[in-house]
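The values are calculated or read from the model by the stated rules, or taken from the named source; none is laboratory data. Small disclaimer: the values here were computed from a predicted structure and weren't measured. Ideal geometry is used to build each Cβ from the backbone, glycine not excepted, and the neighbour counts take in all protein chains shown. Accessible surface areas use protein heavy atoms only, side chains included; no ligands, DNA or RNA. Shrake-Rupley method; radii C 1.70, N 1.55, O 1.52, S 1.80 Å.
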Amino acid sequence: DGRTLRGGHAPSWFWARLMAPLLLARTTCSAPALAECVGSATGCPLQEKDLTSLLQARPQRMVEMPRAVASRLAAELSDGRLSYLAGGAYTGQEVGEVAANMAANMFANGTILASPSNGSVIGVINGTLCAYPDYYYMWTRDAAITMRSLFRALAGSEGAANSLLDPTSAAFDQFIAYANLVRAQWEQPDPNTDCPPSMTYCPILPEAKFFVNGSVYDQPWGRPQNDGPALVALALLEYASMALDSGRDESWLRDHGVMPVIETALNFVQFWYMEASIGPWENRYAQHFYVSAVQRRALALGATVMKRLSLSNQSLASSAKNYAFAADKMTLIIESFWSGEDQIVRARLGALYDYWPPRCFSSQRNATSSAAPCSLDTQVLIGSLYSMGRGVDVVEFPDVLPPTQSEVLATATLLVHSMAPHYVINALDDEQGLPGVLIGRFPGDNFQGYTENGTASYPNSPEEAEGALWGNPWFLTTHVLAEVLYELAAAAAMDKLHADELSRSFLAEAPGWGEPVSGRKCPKLRKVCLKQRGGGLRCARRLLRAGDGVMTRAKHHALPGLHMSEEIEGHAGHPFPPGAAVSAAD
């Protein structure tokens, strides 16, 4: 369709941006906005709502929350400069809309909101108390991913890349403000002490979130979150690399506040990469694949940039060597997540607690089951994608378990099969003739975006599940699946996609996601990526179409204006119908 298969650069805007509000399961209840609640200072009264009247216009969608006034950055991003990202599910104008929605959460002082959702109560719907989640904070993870997404979206545009270094542009202002805000956040003392294993001290860098005034969140939370500094480093290292390519030097990076933050972040990562951490969903303390993967790539890119800078500043040579040494050690750590016995890339190793549910293949159907394989989690796909090298660093530090590798595809097969068939909304979307498939975070997930009424108490419950299934498909995780497909398409176009016993099942099934369910059993379609060694162009086109199909199904459940919620209601028998956009938007 005219798009160039460039290793996911074009489609990656969508999954990366939609990871930006990271929309991870916090510890608060939440709900989609309802029309009568919008603009209320105190939230809706606690009374039963007439759901039919509220949803009569489009029963599968909620009404979005009020948006912030358009900023300079939003105007820049929606002026057509990102139209090169169009294709498949999204037009050029729609790309601009999504970008403007992102920019609405980015303040001029560098603050980036996870979401404008502020915790107000909606009310009781069908006997269930529903509320917005309180995401009105700056999460280190979310903000860094947002900035990396902003960089990549603009850097890929021939007509807009220069705006990242143009002092008159809003994008330039945002990067410099972000770097200096993070520096200020990290220079304050940390009042918290609830970090395992000691429970007596918390370092400031892996703090999960900060108030919008820049002070650290000082209430109980999942700490430490060691991916944060690595993600900050990745965003600013890519920005620094562009600056160096454009003739700027180390002094420029220091004068604008970029270099000090990079060094602080990388020095933390090189000393803490062996330590356990709270994972991306903020509810498990262990060695996580995703955390380790992004840490390694940060160290690898850091080593490459420092080596380059050491040509004019020899004092940075030792930093380059130290980062490279740690990145090499992390290669072995990441490889150890593969379980040959279970044929999956495990999400975590060495959990401190016996968490419940165990996230096993059958956990979505039976939350008390611990039958292997377990430790299934889409964080593996996220880590695999987000740790891919995009520059010269990949020469010295090749990707470890990238999305095109058979072990990752074997894991992806189990992830899809452990969740997708159990969501009622997938069956309803099939009936409507939609392509694609929706997936969630992990099998057995009982987090609900607007209430904490899951199948049982969480996360260490020995109780048997009761009532209707909980846990939903997420926009974030569904888009991650699409991004995997785009990476596979790029590999096939270069004859670098190989089918073997581990990857064969995924490569047979995936091309069908580009079609309605009625067209997926065609024998030729199932064999298109299995016939030619390396994949080939026919396979590439089918995988590209499959990625578009997954994006199309998710887009079908977006709110008006392409605002996207945390989750898509997956089940019947809950306050909101299957397909409703639930939890915080944007």
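You will find that of Leu244, Leu181, Leu266, Leu231, the residue that is among the aliphatic types (A, V, I, L, M), at pLDDT 95 or above, out of contact with any strand residue (DSSP E or B) (no Cβ under 7 Å at 6 or more places or on another chain) and more than 18 Å from Ala144 (Cβ to Cβ) is Leu244 and no other.
Taken over the range 487-533, the criterion of being over 17 Å from Val437 (Cβ atoms) and touching a Lys or Arg at 6+ places or on another chain (Cβ under 6 Å) is satisfied by Val528 alone.
Going by the conditions given, is Thr140 within 18 Å of the chain's Cα centre (by Cα) and within 24 Å of Ala74 (Cβ to Cβ)?
Working: within 18 Å of the chain's Cα centre (by Cα): yes; within 24 Å of Ala74 (Cβ to Cβ): yes.
So Thr140 passes the test.
Which condition number in (1) over 30 Å from Asn101 (Cα atoms); (2) within 19 Å of the chain's Cα centre (by Cα) is the one that His557 fails? Going through (1) over 30 Å from Asn101 (Cα atoms); (2) within 19 Å of the chain's Cα centre (by Cα) one by one, His557 breaks only (1).
Is it true that Ile333 is surrounded by fewer than 22 Cβ atoms within 10 Å (Cβ to Cβ), modelled with pLDDT of 80 or more and closer than 22 Å to Ala412 by Cβ?
yes
Scanning the range 196-211 for residues that are at pLDDT 95 or above, part of a loop (DSSP other than H, G, I, E, B) and in contact with a strand residue (DSSP E or B) (Cβ under 8 Å, 6 or more places away or on another chain) turns up Ile204, Pro206, Glu207, Ala208, Phe211.
The residues of the range 257-280 that are more than 15 Å from Leu234 (Cβ to Cβ) and either surrounded by 23 or more Cβ atoms within 10 Å (Cβ to Cβ) or touching a Gly at 6+ places or on another chain (Cβ under 6 Å) (or both), listed by number, are Ser277, Ile278, Gly279.
Looking only at residues that are of a type in the set (A, V, I, L, M, F, W, C) and crowded, with 21+ Cβ neighbours inside 10 Å in the range 77-92, which one is nearest to His556 (Cα to Cα)?
Residues of the range 77-92 of a type in the set (A, V, I, L, M, F, W, C): 77, 82, 85-86, 89.
Subset that is crowded, with 21+ Cβ neighbours inside 10 Å: 77, 82, 85, 89.
Values: Leu77: 23, Leu82: 22, Leu85: 19, Ala89: 10 Å.
Among them, the one singled out is Ala89.
When Gly159 is tested against (1) touching a helix residue (DSSP H, G or I) at 6+ places or on another chain (Cβ under 9 Å); (2) free of Cβ contacts under 8 Å to residues at least 60 places away in the same chain; (3) surrounded by fewer than 22 Cβ atoms within 10 Å (Cβ to Cβ); (4) part of a loop (DSSP other than H, G, I, E, B), exactly one condition is not met: (2).
Mind counting the residues in the range 212-256 that are in a loop (DSSP other than H, G, I, E, B) and closer than 21 Å to Thr140 by Cβ? Show your work before the answer.
Step one: filter the range 212-256 for residues in a loop (DSSP other than H, G, I, E, B), giving 212-215, 217-226, 246-249, 256.
Retained after the next criterion (residues that are closer than 21 Å to Thr140 by Cβ): 212-215, 217-226, 256.
Of the residues in the range 212-256, 15 are in a loop (DSSP other than H, G, I, E, B) and closer than 21 Å to Thr140 by Cβ.
Being part of a loop (DSSP other than H, G, I, E, B), buried (at least 17 other Cβ atoms within 10 Å of the Cβ) and hydrophobic (A, V, I, L, M, F, W, C) holds for only one residue in Leu401, Leu409, Leu381, and it is Leu401.
Given the structure, is Ser318 among the hydroxyl-bearing types (Ser, Thr, Tyr), under 22 Å from the mean Cα position of the chain (by Cα) and not in a strand (DSSP E or B)? No. If you check Leu414, Leu385, Leu376, Leu401 for being on the phi > 0 side of the Ramachandran plot and touching a residue at least 40 places away in the same chain (Cβ under 8 Å), only one passes: Leu401.
State whether one or more residues within the range 340-350 are farther than 30 Å from His571 by Cα, part of a loop (DSSP other than H, G, I, E, B) and in contact with a strand residue (DSSP E or B) (Cβ under 6 Å, 6 or more places away or on another chain).
Pass one, the range 340-350, residues farther than 30 Å from His571 by Cα: 340-341, 349-350.
Those left that are additionally part of a loop (DSSP other than H, G, I, E, B): 340-341, 350.
Narrowing the set further to residues that are in contact with a strand residue (DSSP E or B) (Cβ under 6 Å, 6 or more places away or on another chain) leaves 350.
Yes, the range 340-350 has at least one match.
Being open to solvent by 30 Å² or more (accessible area, probe 1.4 Å), in a loop (DSSP other than H, G, I, E, B) and touching a residue at least 60 places away in the same chain (Cβ under 8 Å) is a property that Ser312 has.
So, in the range 162-195, of the ones that are β-branched (Val, Ile, Thr) and surrounded by fewer than 23 Cβ atoms within 10 Å (Cβ to Cβ), which residue ends up nearest to Tyr84 (Cα to Cα)? So, considering only residues that are β-branched (Val, Ile, Thr) and surrounded by fewer than 23 Cβ atoms within 10 Å (Cβ to Cβ), the one nearest to Tyr84 (Cα to Cα) is Thr168. Within the range 207-243, the set of residues being open to solvent by 20 Å² or more (accessible area, probe 1.4 Å), of a type outside the set (Asp, Glu) and in contact with a helix residue (DSSP H, G or I) (Cβ under 9 Å, 6 or more places away or on another chain) comprises Ser215, Ser241, Met242.
A quick yes/no check of all residues on (1) out of contact with any Phe, Trp or Tyr (no Cβ under 6 Å at 6 or more places or on another chain); (2) open to solvent by less than 10 Å² (accessible area, probe 1.4 Å):
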residue	(1), (2)
Gly110	no, yes
Pro116	yes, no
Asn126	yes, no
Leu129	yes, no
Trp139	yes, yes
Thr146	yes, yes
Ala155	yes, no
